[in-house]
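All remarks here apply to the structure that follows.
Each value in this text was obtained by applying a stated rule to the coordinates, not by laboratory testing. Quantities reported herein were computed from a predicted structural model and do not represent experimental measurements. Every residue, glycine as well, gets a Cβ built from its backbone with ideal geometry; the counts of neighbours run over all protein chains shown.
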């Protein structure tokens, strides 16, 4: 009984240690998910403008918009009349450009927002070529510099986060393995005693494997609760973050944390038990 009582604090320490490591991995996973969502939000907010010739009627503009809306690359579209374009430009310039020039130099246009996968220079050029086949279209344009910088920056961020994720995953596996093995060290005499009285390997390892499963599950749940608290606090401080979170990916992250905790705990525990079963009694001291 004394040995069992001594083992309980060790298990608690192991559970909390594994939970902390899983929590850190979860925070990084959350950053990766939100970074991915932020990338998608930026890309899908980019506007491509389709300018029409001056003599194109409103009816033809509507027809062209209807054709464009049917294309797989279009997420949503809106018509911007010459008057609306002039008002927007005047607001940017701080003066009435129509009054200054004596005429409206702008064109009726359709502004479209694309699905994320089409926001790259190759796809945009193909989209432009497709739309320019219409004789009512004067030009198709988008902020080229923004697209270039966006891809370069998100690529760098992706490489950094990917590298850190792989490194942290390795660290997590090593730390959890060492934490569990340290917890099992206090049970080495119990394991050896059971073997010496004739218990089979399966009989000895089964309760430890079950304990490892429960400990890993507990650690994973604690880590997920900690991550949820961090997310709730972050949303209360920055409500815009709620728009970035993908419930499916967040759920997958939480499930992954729990599964990882269970798998590593069980593997490490089983390895430790087998190790002590193979050791000579004198080597246990």
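In what sequence do 170, 250, 12 fall when counting other Cβ within 10 Å, fewest first?
Details: 170 10, 250 19, 12 13.
Neighbour counts put them in this order, fewest first: 170, 12, 250.
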- If you bin the C-alpha pair distances of the stretch 103-200 every 10 Å from 0, what whole percents do you get? 11, 21, 16, 12, 10, 9, 9, 7, 4, 1, 0
- Residues 64, 257 in order from fewest to most other beta-carbon atoms within 10 Å are 64, 257
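What ranking do 81, 179 get, fewest neighbouring Cβ atoms within 10 angstrom at the top?
Values: 81 14, 179 22.
Least crowded to most crowded, the residues run 81, 179.
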- Does a label point 7 Å from the Cα of residue 57, set along Cα-to-beta-carbon, have any residues of the stretch 133-165 with amide nitrogen under 17 Å, and which are they? 135-137
- Query: So for the pair residue 37, residue 160, with labels modelled 7 Å out along Cα→Cβ, what separation do we get in nm?
  - Reply: 2.1
